[in-house]
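Read the structure below first, then the notes.
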Amino acid sequence: MRRGKTWPKIILIIYILKKKEKKEKRKCCCRVFYGIMFDAGSTGTRIHIYKFIQKDPVELPVLDNEMYHAVKPGLSSYKDDPEEGGNTIRQLLRIAKKTVPEEDWRRTPVVLKATAGLRLLPEDKARALLKEVQEVFEESPFYVPGNSVTIMNGKNEGVLAWVTVNFLTGHLYSNTRRTVGILDLGGGSTQITFLPKSKVNKHFYIYLGNGLFAARFATLGALGADVFSSSCLPKKFRENVTFSGTTYKVSGIPDGYAGYKLCYYEVMKVIKGIIHQPYEVRGSSIFYAFSYYFDRAVESGLIDGSRGGTVEVRDFKKRAKEVCNKMTKYRAINPFLCMDMTYITCLLKEGFGFKDSTVLHLAKKVNNVETSWALGATFDYFRNFNIH
Ligand SMILES: O=c1ccn([C@@H]2O[C@H](COP(=O)(O)OP(=O)(O)O)[C@@H](O)[C@H]2O)c(=O)[nH]1
């Protein structure tokens, strides 16, 4: 009886030991490393901490997971107080210290790339902010390579976001050579980026334009009046609005008209003449839209924020009409929703020339990773610095 019970026990122990040995072996050739990328956008600063695993020295590392955190407002809002701006970076670095194991700190690179917010600032103000961030990085325990705090140009922003989305959706490794286009709408700038299908022209098509907040002020300013008022806003709306550290007095038109038609007319003045209509967008190419395209689609109820989804261009138009013609209903969610939805509709249709029936994939994350240029920028960075 006793023997009978002992044997299975021994077999179990051997089995566990073997498994442990196998695990140890696997551990030996697995290299784990991290990369920290800061996205200093016009509306917020975000930290992305990527964990990569290299199973085989000859193979490319794979992305294991991402830790993401965001703070508002963006770095450019601290244009007159760079020290306070530096504190927001310090705060986010605390998260990095908790996420990356201490023994890896010294070899984990930390990089910050600023987008439209800093691009639009006077040079001396932008430089003071970057200097402050550089100092915060230097005092951190992470690896600070040369050129690790810079302003990125819009074209790189477009291409790197394209790399991220095509990587996450598996298009970079597929044999079909088919890729997807991306639509990114930030606060300060917007990008549409895709690879044309033509065999002759193998260069990226990138268009850069006004971001959502920049478009808001262009729309308000386009009326040419001293008071920034618009028929895209609820009639009784009157508030001070701050963007990138500057405050504007903004209002609806109390005794005038408000609604979709008038709003479309106002927004069109901002779109007209500044947009290209690439031939490809009229075809069957697949486009992924994220950032504020995603946020506004959620706020207006077009898609579910936890899952994302696909919509047709005409759905944005239909929902923009509903929002603008029932402004009081949506006021509590976002008083600018009519203006933003109308800008998005105008940009897609009149600006880029999308058909009503074009399907857009709206996603904030793909495989639990943020759809942003930050991942693409991190790849590029590892390649350049030969870290793996
Ligand atoms: O990893 C990211 C980076 C950005 N965003 C969103 O993308 C928009 C980008 O705005 P940003 O201030 O960066 O605009 P920019 O300054 O680049 O024009 C905002 O809705 C952010 O919440 C996001 O969801 N995930």
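Data overview
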| read-out | value |
| --- | --- |
| Estimated distance in nm for a label pair at Lys355 and Asn147, the labels positioned 7 Å out from Cα along Cα-to-Cβ | 4.3 nm |
| Summed side-chain charge close to Gly86 - residues other than Gly86 whose Cβ falls under 15 Å, Lys, Arg +1, Asp, Glu -1 | -2 |
| Sum of -39500 (n - 2.57) over DSSP H runs of 4+, divided by residues of the chain (222 nm, nearest 500) | -12500 deg cm²/dmol |
| Stretchable slack from Val58 to Lys249, in nm (0.36 nm times residue separation minus alpha-carbon distance) | 62.9 nm |
| Percentage relative contact order, the range 29-152, counting C-alpha pairs under 8 Å, at least six apart | 28 percent |
| Net lengthening on full extension, Ala70/Lys326 (0.36 nm per residue, minus Cα-Cα) | 89.0 nm |
| Antiparallel content of DSSP bridges confined to the range 29-152, in %, to 5 | 70 percent |
| 10 Å binning of all Cα-Cα separations within the chain, expressed as whole percents from 0 upward | 5, 21, 28, 23, 13, 5, 3, 2, 1, 0 |
| Candidates Cys30, Cys232, Cys346: whichever shows maximal mean-square fluctuation once the chain is modelled as a Gaussian network with Cα springs under 10 Å | Cys30 |
| Radius 11 Å from Cβ of Glu370, net charge of other residues (Lys, Arg +1; Asp, Glu -1) | +1 |
| Of Leu212, Leu121, Leu130, the one that fluctuates the most in a GNM where the chain has Cα springs shorter than 10 Å | Leu121 |
| Pairwise label distance in nanometres, Lys272 with Asn367, each label 7 Å out on the Cα-Cβ vector | 4.6 nm |
| Relative contact order (percent, whole number), the chain, Cα cutoff 8 Å, 6+ residue spacing | 15 percent |
| Euclidean distance between Cα centres, the range 136-177 to the range 275-307, Å | 22 Å |
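Throughout, read-outs are computed from the coordinates displayed, never taken from laboratory work. Remember, predicted model here, so these are calculated numbers, not experimental data. Every residue, glycine among them, receives a Cβ derived from its backbone with ideal geometry; neighbour counts consider all protein chains shown.
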